[in-house]
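First comes the structure, then the notes that go with it.
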Amino acid sequence: MKALLPWMEVDAVDVALYMPTDAFIDSALLCSSYAKAAARLGVTLRPNCKVKEIMVEGEHIDVSCFVA
């Protein structure tokens, strides 16, 4: 498994199964795609924002951030 996933810590893995036909998701690409889609829908993105509070009012969601 270490040869297939060199970044994975495999010491705690007892048994693993490799299926070459299974799907693989690039999590970084998935997250950036969600962010791009949200921006296209009018969402204001606040990168590197440590969330202080999430406020929900009906269908409106607002987030306040800690100021760095």
Taking Cα pairs closer than 8 Å and at least 6 residues apart, the relative contact order of the chain in percent is 16 percent
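Between A16 and V43, how high is the FRET efficiency from 1/(1 + (r/R0)^6) when r is the Cβ-Cβ distance and R₀ = 25 Å? Nearest 0.05.
Values: r = 38 Å, r/R0 = 1.52.
Efficiency at R0 = 25 Å is approximately 0.10.
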What's the angle, to the nearest 10 degrees (0 to 90), between helix 27-40's Cα axis and the longest principal axis of the chain? 20 degrees
Check the cysteines of the chain one by one and keep only those with no other cysteine Cβ under 4.7 Å from their own. C31
Quick one: ranking S33, S64 by accessible area, 1.4 Å probe, largest first, what do you get? S33, S64
Simple spin-label model, 7 Å along Cα-to-Cβ: A23 to I61 in nm? 2.2 nm
To make sure I understand the rule: partners must be lysines, Cα under 29 Å from the Cα of K36, and not fewer than 8 residues away in the same chain. Which ones qualify? K50, K52
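Any idea what the alpha-carbon Rg over 2.2 N^0.38 Å comes to for the chain? All intermediate terms of the calculation are to be shown ahead of the outcome.
Working: Rg = 18.9 Å, N = 68, 2.2 N^0.38 = 10.9 Å.
Dividing the Cα radius of gyration by 2.2 N^0.38 Å gives 1.73.
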Taking the full set of protein chains and a 1.4 angstrom probe, give the accessible area of M19 in square angstrom, rounded to the nearest 10. 90 Å²
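The values are calculated or read from the model by the stated rules, or taken from the named source; none is laboratory data. In this text, all values refer to a predicted model and were calculated from it rather than measured experimentally. Because the Cβ atoms are built from the backbone with ideal geometry, glycine has one as well, and the counts that use them run over all protein chains shown. Ligands, DNA and RNA are excluded from the accessible area calculation, which covers all protein heavy atoms including side chains. Shrake-Rupley method; radii C 1.70, N 1.55, O 1.52, S 1.80 Å.
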